[in-house]
Structure formats: structure tokens, C-alpha cells
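Here's the structure, in C-alpha cells; my notes come after.
The values are calculated or read from the model by the stated rules, or taken from the named source; none is laboratory data. If you're wondering where the values come from, they're calculated on a predicted model, not measured in any experiment. Counting neighbours? That spans all protein chains shown, and the Cβs are built from the backbone with ideal geometry, glycine included. The area values use the complete protein model at the heavy-atom level, side chains included, leaving out ligands, DNA and RNA. Shrake-Rupley method; radii C 1.70, N 1.55, O 1.52, S 1.80 Å.
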Amino acid sequence: MAPEHGPASPAGPVPGRTVDVPFAAGETALAPLTWSQQYYLAELDAARPYGRSLSITRLYPLRAGVREEEAAAVLRELVERYETLRSRVTRTAPPAQRVHRQGSLRMTVHEVPGPATDHEVRAAAEAVLADLARRPFDVVEEWPLRAALIGAGGRTRFLALAFSHVAVDAFALLPVGAFLVDRCAQADPVARAAPGSAVEGLRPRELAEAETSAAASRATRRALGHAERALRRMPAAPVGVEPPGAGERYRFLRRRSAALDLAVGAVAARTGESPASVLTAAVLAVDAARTVERYGVVQLISANRLRPETVNAVVPCSQPVLCCVDTRDASFAELVRRTASASLRAYAAGPCPPAALAELRTMVEQERGVRLDGAPTLNYRPRATPLPVRETDADELRRAAVDARTDWVDSAMLWQSAHYLSADVDGSGVRLLLQVDTDVRPPGWAERWLADLEDLLCAAASDTAARPTAGPG
């Protein structure tokens, strides 16, 4: 997601010099990619032709007095501690990963010319971070981590890190953030919670080995069975849509709305379900109103981090899982409850090998005679402070409606989904970023879709909601 603070300065990032950070740890080893890594590698390869890096970025403010040499030492220790950060992909069949015992990471060091205010230094650091993530990672030839140190007035101020999604997901960076806070950083900028277990997380090769076990085979059959039921009910991909608008094929629409924040919290309070279930139900309801189908299907990103051995693993564990909900004869409150139950079933079924899921999708498409690549995706990302959950009314929603902003923005992320909704949620509200594929739907569709989503939630929160349009029985 693009930084919320806007561009750093008209001049862009300040020039820097390069410092080599050598490392040596463990042993050289070859291992399969985990299911999650296979999923992210396919997404990265699909995004590469469009110049998207599929990078996760973090900007860590450093404690006062941390010198360049100390920051480099912490970075070296970080790479030595987590083998996923010193691994590269091998383009075998199937692709694998090689953990390297030693190597050297390049870190750029930037000095903001002074005198500079704190805001100017942060803006320059954010520009450096954006520049780190701009170019797609070559996961075969380079390390899955890029680093930069930003200083001003003779003091180091920020450590900027860009990670390849093949190496980590957002949850995998929780222990990384905790490590950096322990060593040199003031705070983790997007911490959701402290790691939930003292157990050291599985390494990538250990997780890949676990996914070949007998227990994993049983889990795979269960997950594929759940996915097949969803695929057989999934609405077909749209055909005969309007031609795409001018500009890039993929567009990204960002939305902030105080009324949306109130509405999601109010419906959650009224139904006793989570804000995540409320937002997922709204996605399903809006799409069901357009498709006039009985069943709605949405891909949810499953973090799969419930076990002690995975909660602290610095390796991606997240993958999409199919959530199928019957929308027939349901008030919105009832749809939220059905969605909560269906989400739990989807998460319990869990993910599976991406190749096996792709084969299953192809088989069902051939049997049904339709395309099934139009399912929306919702990536709900909670932060450390929860969204306020309380009742509201029409008057409060009306007053809050003026506090809203919608912008077309850029994004380093690009996903293989006709429309992909990312929701970052915390005590300050809900931040939405909707990706739309304009080869499937025009940009105006995205604006109407987000407006319909918010209207539905506000109507439900103010007790004026009609039943969502349901498909045939």
C-alpha cells in the first residue's frame, strides 16, 4: 500500500552511499518452497510485467544515539537470525529455495541536508523507502531484503526496509519488528500485537517439510473438498463488460470515511460479530446485488498462524481461502451471522498447495462451462488497537459523512483478482484500498462499488436497511 503521508519532496529521495553488511550463519541448504511462498511467487511473477514489486515496506524510527555501525550490526544479526532473509529462489521444476550460509547485504546510507525539520526528515525517509520498493525483486539473483539508513544533522534517524513477499508476509514481520525494537528501534510502525508465543518459529524448510507430512495430506484433502464446494457455487466471471478506461490496466482507489467507521462498528455491536465479518458480508451483499446469484464467494486471506510453531515464523504463512455464503432470504444482520460462520469454516479448512487448487479450478470450470476468475478478495488487516464497536444513529452518520476522502493512488501491490479490497483497521478507523482490473471493469465501477458498500453499511447501521438483493432460490 502506498505511504499515507504522501510524497516526500518534489526532489525525491536524497542521494546515498552504499555500505556492505557481510553475514555468516548456519549452513547452505536447499528446500522446497512452502505453499504460501508458492502462492506469493506466482503473484510476484504476474505483477512483474506491470512493474509492481509486491514488496512489504517498514520505516523504523531509531533510538537516539544509534550510530551507523550499530545499525549495520543489527541488520547483520537480523539476517543471520532468520534464514528466510538470506534465501533465494531457484527456478527448478518445481521452484525451490536455497538458504545461503554467507553473503553480503548492501545498505544505502542517506544524509538529509540541513537544517531540516522532523517532518522533512521523515518525508525524505519515506521517499527513500518508496524508492527501495519501486523495482521488482529478482528473487533468484538478490536477497529478499533491501535496506537504507537515513540520517540528518549527524544523527541516524530511520531504518528503511523493503522485503519481498516471497520471503515474508505482514505477520512474519511481527518478530522482526520486535527484534529491531529490542536492539535499536523506537517502535514497530505497524505492530498488531506482541508475538503470541515464546517458541521460536519454524524456518521455511521446516515448514515446507511439515507440509509434506501425512497430517498435511489429510488437511489438503479437507481444504480441497471445501474449495470444490465453493467453486461449484461461485458466480461466473463477468462477460460483456464495458471497455476499460484510458491509462494503466490496474487502478487503485483509496477511501477513508468517518461514516464508514461508525457504520462498521455499529453493525458489529448490533450483531455481536466482528468488524471483519461485517465488512466481508458487505462485500458479498454488494456483489450479490449485481450478479443476482444465490451464493456469494469471496477469497479471504488466511494468516494460518494459530500454532505455536508458526506464530513467530519469519516466513509467509498466509494464503487466500474461499468463503461461500448463501445470500438467499437474508437481512443484512442475518447475512453477517452467516458470513461469520462461513468464514470460520473457510479458515478451519485452511489453505492447500496452489497447484492443486489451480487444477481443481480448471476441472470445475470445464465441467460448468464458465470462467471462475472473478471472485473478489478481501484482505482484512487488523492493527494493535481495535476499531470502536458501538451503536450509532442516522444523525451521527449524516454529520460524519462530510469527513471522507476518496483518491486514485499508486500501489506497489498488484494481485490476480478482478477486484481486491485491502482493509487496514485500527482504533482510528477503516482504510480501504480497492484494486480494480480495468480489463474486466472500468474505473467508474470501482467508485460506484465503494459507494454502494458504504451506503449499505450506513443503512444497516441506521436501521433503514432493506434486505440485500438475493439470488433465485
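Placing +1 on the Cβ of every Lys and Arg and -1 on the Cβ of every Asp and Glu, with no other charges, gives region 28-160 a dipole of roughly 220 debye about its Cα centre. Every Cα-Cα pair in region 273-312 was counted, and those over 15 Å apart are 56% of them.
In percent, what relative contact order does region 350-473 have, based on Cα pairs under 8 Å that are 6 or more apart in sequence? Numbers along the way, then the final one.
Working: 101 pairs, mean separation 32.7, N = 124.
Computed over region 350-473, the figure is 26 percent.
By the helix-only formula, in which each DSSP H run with n ≥ 4 contributes -39500 (n - 2.57) and the sum is divided by residues, the chain has a 222 nm mean residue ellipticity of -12000 deg cm²/dmol. Applied to region 168-184, the Karplus parametrisation 6.51 cos²θ - 1.76 cosθ + 1.60 on θ = phi - 60° returns per-residue 3J(HN,Hα) values of 8, 10, 4, 5, 5, 8, 4, x, 5, x, 4, 4, 5, 5, 5, 9, 8 Hz, with x for Gly and Pro. The phi torsions of region 325-334, fed into the Karplus equation with coefficients 6.51, -1.76 and 1.60 and a -60° offset, translate into couplings of 10, 7, 9, 5, 6, 10, 5, 5, 4, 5 Hz, rounded to whole numbers, with Gly and Pro shown as x. Only one item in (1) 25, 58, 17, 0; (2) 18, 36, 27, 13, 6, 0; (3) 23, 56, 21, 0 matches P(r) over Cα pairs in 20 Å bins from 0, in percent derived from the coordinates shown, and that item is (3). Amide H contacts of Asn379: Leu421, Ser422, Ala423, each under 5 Å away and 5 or more positions distant or on a separate chain (H built 1.01 Å from N in the peptide plane; Pro and chain starts excluded).
Normalising the average separation of contacting C-alpha pairs (under 8 angstrom, six or more residues apart) by the number of residues puts the relative contact order of the chain at 21 percent.
I need to check one value: relative contact order of region 3-122, counting alpha carbon pairs closer than 8 Å and at least 6 residues apart, in percent. Here the relative contact order equals 49 percent. Across region 344-355, coupling constants 3J(HN,Hα) worked out from phi with the 6.51/-1.76/1.60 Karplus curve, θ = phi - 60°, read 4, 5, 5, 5, 5, 5, x, x, 8, x, x, 5 Hz, and Gly and Pro carry x. Between the amide H of Asn304 and any residue lying 5 or more places away or on another chain, no distance stays under 5 Å, with hydrogens modeled in the peptide plane. The spacing between region 111-158 and region 346-381, judged by their C-alpha centroids, is 38 Å.
Counting Lys +1, Arg +1, Asp -1, Glu -1, what net charge surrounds Glu206 among other residues with beta carbon under 13 Å of its beta carbon?
On the way: positive: Arg203, Arg205, Arg307; negative: Glu83, Glu200, Glu209, Glu211, Glu309.
Net of charged neighbours comes to -2.
Highest mean packing comes first when the peptides 364-371, 430-437 are listed by Cβ atoms within 10 Å, giving 430-437, 364-371.
Shown are Thr156, Thr92, Thr438, whose ranking by accessible area with a 1.4 Å probe and every protein chain present, most to least, is Thr92, Thr156, Thr438. Extension gain for Thr28 to Arg101 (0.36 nm times residue separation, less C-alpha to C-alpha distance): 25.8 nm. Can you grab the distance from the C-alpha centre of region 396-445 to the C-alpha centre of region 206-231, Å, no decimals? That distance is 32 Å. The C-alpha atoms of the chain define a longest principal axis, and helix 35-47 lies at about 90 degrees to it.
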